[in-house]
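A.B. asks: Can you keep this structure in mind? I'll have questions shortly.
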Amino acid sequence: MAGFTTTDSGWVFDFGDSEKKPELPSEPGPATSYLAGKDRWDNWADPILYECDCLMRQFLESKLGDPQWTSHSARFRRFTMSLMFEVLFGRKFDGRKDGKYVSRLSKVMAYYSTKVQTSGSIGGKRYTKTIYTLSTKRLKLKPPYSLKLRIEWLEGQGVLPTWRNMSPPSDDLKPGHARNKRTDENMERRREQAKRRYCERYSYRKH
């Protein structure tokens, strides 16, 4: 049991059993800052991430009434990062001066996508770059990726930011995968088939 004791040099606070550590709450309390933690702060303080997320949500909102986007066909919703950059910023992507946008825009695109392919076709043209299949439904399912934008989004709904509703977004959709389980399984099966065909075609190289 903790308490005060006296020594020759004065008062000393006795913590009792030093082996027993205080129990911490399973999750932060109401007084915990909703930006506590490096991952949250880095996200909130990133102006490029904020810009990419603002423009992406504006673009998706403009497609809410577009029948090409609400149909089952995904061919109008496929973009590479550079194609999306051109749509959002109104100019061609320049790798030398626009490199700072690559990782941020890629994360934002994956967040609002239902499928991410390692390659594929867009408008009849073959691409070996990552292709994102965007969806307007993600606007309703997910809050903004940028925590700075999310604060504005919560304010618009009259909701105060908390540790819970300001949790960092998870980058859970990797290239070569889809959110729909059946679609993801089909993508995996096609990869295995392509790998098998490649091995059969070039098996002679092993001899």
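The values are calculated or read from the model by the stated rules, or taken from the named source; none is laboratory data. Note that the structure is predicted; figures quoted are calculated from it, not measured. Positions of Cβ are generated from backbone atoms using ideal geometry, with glycine treated the same way; all protein chains shown enter the neighbour counts.
A.B. asks: I'd like the full set of residues that are of a type in the set (A, V, I, L, M), farther than 17 Å from Ala45 by Cα and not in a loop (DSSP other than H, G, I, E, B), limited to the stretch 141-173. Steps first, answer last, please.
C.D. replies: Within the stretch 141-173, the first condition is being of a type in the set (A, V, I, L, M), and the residues that meet it are 141, 147, 149, 151, 154, 159-160, 166, 173.
Remaining after also requiring farther than 17 Å from Ala45 by Cα: 141, 154, 159-160, 173.
Within the stretch 141-173, Leu141, Leu154 meet the criteria.
A.B. asks: Out of Lys174, Lys107, report the one residue that is at pLDDT 95 or above and under 14 Å from the mean Cα position of the chain (by Cα). Before you say what the answer is, go through the steps one by one.
C.D. replies: On the way: Lys174 fails: at pLDDT 95 or above.
Criteria check complete, one pass: Lys107.
A.B. asks: If you scan the stretch 69-87, which residues turn out to be of a type in the set (A, V, I, L, M) and closer than 19 Å to Leu55 by Cβ? Break it down stepwise before answering.
C.D. replies: Keep residues of the stretch 69-87 that are of a type in the set (A, V, I, L, M), which gives 74, 81, 83-84, 87.
Residues satisfying the conditions are Met81, Leu83, Met84, Val87.
A.B. asks: Tell me which strands (runs of 3 or more DSSP E) are completely within the stretch 39-140 and hold 2 or more residues being loosely packed, with under 14 Cβ neighbours inside 10 Å, or say none if there are none. Talk me through it step by step, then tell me what you get.
C.D. replies: Numbers: elements: 113-117, 120-122, 125-127, 131-134.
The qualifying strands (runs of 3 or more DSSP E) are 125-127.
A.B. asks: To continue, here is another question. Pairs under 7 Å by beta carbon, first residue within 15 Å of Lys129 (Cα to Cα) in the stretch 81-95, partner among the small types (Gly, Ala, Ser), six or more apart or different chains?
C.D. replies: Listed by first residue and then by second, the contacts come to Met81/Ser106; Phe93/Ser82.
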